[in-house]
C-alpha cells in the first residue's frame, strides 16, 4: 500500500498498468473507496499508467475534521499528482470525483489534458439538502441513510443481487466525519461559470436510472464545455462502472483512443 503525505491529508493511492504509460487518474464517489474501479481497470488497455486514490475521509486515507471545502479536495488531487510527477493525464471522476476533475482542470492545465466526468454535475443538489443529510449522519450515522442511498445508487435489477450488500457495507463503513466533510464540500460547490470556461477534451457519462445525478443534469454540465461528448449507459444507476463495467470500459477506451492517449 502507498501513502502520499500531503499538507492537508495523507492519501492512500495505488498504481496499475505500465509505469511508463500515459497517465489516467481515477477519483471515486462519495461513500466509496478506490475499489469502485476494480471491475473496470482490468478491461482497459494495458499500456496505461493507471492511478487511483481514496479521497480524504474515505478508504485508507486520513480523515481530517469536517467540514471540507472543494478547494481542499482539489488541492489533495493536485498534490498527489505533483507527488507522482504526473502531467497531461486524463482525469476520470465519478460524482464528487467529477467535481474534483472540473476544479483541477481549471486550476492545473499542465496536469490535466482531458477529463471524464461521470454521474456528476457543475452543481449537485442544494445547500439545504446537503445540510439535512449532514445532520442526519451526525445524528444517526450513515446507516440511517443507507437504504435510501442504495436506491439512488443502483438500478432495481442490481438491488436484487447479493452484491448490493458489499456496496452497502462499503458505504456504512465510511467514516461519518469523512462523509459529512465531503458532503459539505459538495454543498458549497457551484462550478457553472468555471466549467464553462474549459476547452479540454471531455467525455460525460450518465446512468439512465441515476437518482443522484439524473442524465439531464449530467448532460447540462457537458453542454457547458465546447466540443464535449455525452454517453448514456442504460439500465444503470449512479455507479455504472459497477453495474456494467464492460460497457463503461469500452466507452472509456474509445475516448482514450480518439484523443490519442493510448
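No lab work stands behind these numbers, since they all come straight from the coordinates. In this text, all values refer to a predicted model and were calculated from it rather than measured experimentally. Note: ideal-geometry Cβ built from the backbone for every residue, glycine included; neighbour counts use all protein chains shown.
Multiplying the residue separation of residue 10 and residue 128 by 0.36 nm and removing their Cα-Cα distance gives an extension gain of 39.5 nm.
Summarising the strand pairing of the range 1-141, around 35 percent of its internal DSSP beta bridges are antiparallel.
The relative contact order of the range 1-128 comes to 26 percent, based on Cα pairs under 8 Å that sit 6 or more residues apart. Sorted fewest first by neighbouring Cβ atoms within 10 angstrom, 130, 37 come out as 130, 37. With neighbours defined as other Cβ atoms within 10 Å of a residue's Cβ, the residues 62, 155 order from fewest to most as 62, 155. Extending 7 Å from the Cα toward the beta-carbon at both residue 194 and residue 152 defines two label points whose distance is 2.2 nm.
Between residue 47 and residue 208, the simple spin-label model (points 7 angstrom out along Cα→Cβ) gives 3.5 nm.
Hydrodynamic analysis of the range 144-262 uses the Kirkwood radius over alpha carbon pairs. Inserted into Stokes-Einstein at 20 °C and 1.002 mPa s, it gives a translational diffusion coefficient of 134 µm²/s. What the Cβ-Cβ distance of residue 257 and residue 226 gives, at R0 = 30 Å and to the nearest 0.05, is a FRET efficiency of 0.90. You can think of it this way: the chain between residue 87 and residue 166 has 25.0 nm of extra reach, that is 0.36 nm per residue less the Cα-Cα gap. Neighbour counting of Cβ atoms within 10 Å sorts the residues 127, 236, fewest neighbours leading, into 127, 236.
Ignoring everything except DSSP H segments at least 4 long, calculate the 222 nm mean residue ellipticity for the chain; use -39,500 (n - 2.57) per segment, divide by total residues, nearest 500.
-11500 deg cm²/dmol
Expressed to the nearest 5 percent, the antiparallel share of DSSP beta bridges inside the chain is 25 percent. Could you pull out which residues in the range 220-244 have an amide N less than 14 Å from a spot 7 Å beyond the Cα of residue 173, following the Cα-Cβ vector? Nothing falls inside the zone, counting backbone N under 14 Å. First check a/c for the range 175-219, with a ≥ b ≥ c the square roots of the eigenvalues of its C-alpha gyration tensor; if it is under 1.5, answer rounded, and if not, answer prolate when a/b is larger than b/c or oblate otherwise. Note, shape of the range 175-219 comes out oblate. Computing FRET efficiency as 1/(1 + (r/R0)^6) for residue 216 and residue 110, where r is the C-beta to C-beta distance and R0 is 30 Å, gives about 0.35. Computed log10 I(q)/I(0) for the range 2-258 at 0.17 Å⁻¹: -1.41, from the Debye equation with unit scatterers placed on every C-alpha and solvent omitted.
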